[in-house]
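Working notes, beginning with the structure itself.
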Amino acid sequence: MKIMVTGGAGFIGSALVRQWIAESDCTIINVDKLTYAGNLHSLADLQHHPRHIFEQVDICDVEGVEKLFRLHRPDAVIHLAAESHVDRSIHGPMVFIETNITGTAVLLQAARGYWNELSGEAKENFRFHHVSTDEVYGDLDWQDPPFTEETPYTPSSPYSASKAASDHLVRAWHRTYGLPVLITNCSNNYGPCQFPEKLIPLVILNALNHKPLPVYGQGLNVRDWLYVEDHARALRLVLAKGEPGRTYNIGGGCEKQNIQVVESICSILDRMKPLHSQSYHALITFVTDRPGHDRRYAIDASRIQQELGWQPLETFDSGLEKTVNWYLNNGDWVTNVQSGAYRGWLESHYRLPAGTIGN
Ligand code: NAD
Ligand code: TYD
């Protein structure tokens, strides 16, 4: 199979691409604009892999996207490309509107044109899988039951509102044009290669640099955490077996207050890389809360569990241990990201023009 993955140089996309190439004989067309969040260093192992074809394309570029469909003729699209950080969306919302909404519409239109011209099995088996977030459901009170696929959309931030809009577009292209779509809404991911603007990598790297560990408000907000490899497995399963037009929630069943997450990281580091004079816990610093901060997310993942047989393989403890270990052992990746040098990775490491990696 030939699968077009958008956002494959990002955190989740790169984990998905690595897993897919390692565990199947699929060819991946990796479409990524390489914004600040796109990092080909995360895919360094696939530099010369014959089944990894990288295309540096902006999903808002209509001609560029149409050309990709004509050139590569994918069997399926899995769409992860997005602006993904809530705090950035508060400071600069417009790029979220552009990429997450317009970009998704451009992809849907191109996929629809391509799919309309397919016939037989190729047409029947084609899928457009949209990767979304639990944040579209808004936030929960402490005692509320977790989000199901039927929970009404009440997004709070420009990020979650733009993702909600993109989900609506995907459903509209299914209902109106019959495009065979799948939607997944996942909880907070963590794991290797996550850009250190998100809570877990930020805390690990600040701790290693003996910097304050910023906890918004009182640290009581709750997120439902899922190890990125478990998300990638769920995405592959939904693409293979999900029912067109259907939505699947994905979550780890692992609710933690932010302060618990930060304390767990400190405890792991105290064990793995102890400081001489103090514990990492002493670096925890409570800072001004995020505006509009969602209190709690929690996912009811029973549909994907019962209908498709998915279960996460990692517990929070095992996944967090692996994650901290990865950041401790991948100093090159960390240094490149922290210095901004990864932005030149494409040119300096691959020494190839964009569009030829893997060929
Ligand atoms: P990320 O920010 O790490 O990666 C996003 C990728 O998209 C980057 O490689 C970036 O270069 C690329 N991109 C951005 N704008 C683009 C454009 N205009 N054209 C082409 N490529 C572009 O994000 P992530 O954490 O890997 O998230 C991937 C997807 O999963 C997103 O759609 C996000 O909403 C969703 N999601 C993320 C989480 C999470 O916890 N990280 C949870 C649920 C859902
Ligand atoms: P984040 O990783 O930005 O993901 P999201 O906002 O999509 O859930 O944040 C996770 C939680 O951690 C969220 O409740 C905000 C909080 N947080 C902090 O307390 N300090 C920080 O420095 C960051 C980045 C997040």
For PRO180, indicate whether it is touching a residue at least 40 places away in the same chain (Cβ under 8 Å), under 18 Å from GLN338 (Cα atoms) and not small (Gly, Ala, Ser). no
Among the residues that make up segment 50-67, is at least one of them more than 16 Å from ligand 2 (Cβ to nearest atom), touching a Pro at 6+ places or on another chain (Cβ under 7 Å), open to solvent by 10 Å² or more (accessible area, probe 1.4 Å) and not β-branched (Val, Ile, Thr)? no
I'd like to verify a number: residues in segment 164-189 that are open to solvent by 10 Å² or more (accessible area, probe 1.4 Å) and not in a loop (DSSP other than H, G, I, E, B), how many? 12
Among the residues of segment 107-127, count how many are assigned to a helix (DSSP H, G or I) and over 25 Å from HIS231 (Cβ atoms). 12
Within segment 8-18, can one find any residue that is within 14 Å of the chain's Cα centre (by Cα), open to solvent by 20 Å² or more (accessible area, probe 1.4 Å) and over 23 Å from THR99 (Cα atoms)? yes
For the structure I just gave you, tell me whether LEU205 is open to solvent by less than 40 Å² (accessible area, probe 1.4 Å), within 13 Å of ligand 2 (Cβ to nearest atom) and part of a helix (DSSP H, G or I). yes
Qualifying residues in segment 43-63 (those that are within 9 Å of ligand 1 (Cβ to nearest atom) and not acidic (Asp, Glu)) - the one farthest from GLY191 (Cα to Cα): CYS60
Counting only residues that are open to solvent by 40 Å² or more (accessible area, probe 1.4 Å) and over 18 Å from SER160 (Cβ atoms), which one in segment 78-114 is farthest from ligand 2 (Cβ to nearest atom)? ARG112
Complete set of residues in segment 309-319 that are of a type outside the set (S, T, N, Q) and open to solvent by 80 Å² or more (accessible area, probe 1.4 Å): LEU313, ASP317
ILE3 - would you say it is in a strand (DSSP E or B) and either in contact (Cβ under 8 Å) with a residue 40 or more places away in the chain or within 16 Å of ligand 2 (Cβ to nearest atom) (or both)? yes
Which of (1) closer than 16 Å to GLY245 by Cβ; (2) in contact with a helix residue (DSSP H, G or I) (Cβ under 6 Å, 6 or more places away or on another chain); (3) among the hydroxyl-bearing types (Ser, Thr, Tyr) is the odd one out, the single condition THR176 does not satisfy? (2)
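This table checks each residue for (1) touching a residue at least 24 places away in the same chain (Cβ under 8 Å); (2) out of contact with any Asp or Glu (no Cβ under 8 Å at 6 or more places or on another chain).
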| position | (1), (2) |
| --- | --- |
| ASP289 | yes, yes |
| ARG296 | yes, no |
| ASP300 | yes, yes |
| GLN305 | no, yes |
| LEU308 | yes, yes |
| PRO312 | yes, no |
| THR315 | yes, yes |
| LEU320 | yes, yes |
May I ask you to list the residues in segment 22-56 that are at pLDDT below 95 and more than 20 Å from the chain's Cα centre (by Cα)? GLN47, HIS48
Cβ-Cβ under 6 Å pairs, at least 6 apart or on other chains, segment 114-141 side β-branched (Val, Ile, Thr), far side open to solvent by 20 Å² or more (accessible area, probe 1.4 Å): VAL131/LEU80; VAL136/TYR153; VAL136/PRO155
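The values are calculated or read from the model by the stated rules, or taken from the named source; none is laboratory data. Treat the numbers as computed from the prediction; the structure is a model and nothing was measured. Cβ atoms come from the backbone with ideal geometry, glycine included; neighbour counts cover every protein chain shown. Accessible surface areas use protein heavy atoms only, side chains included; no ligands, DNA or RNA. Shrake-Rupley method; radii C 1.70, N 1.55, O 1.52, S 1.80 Å.
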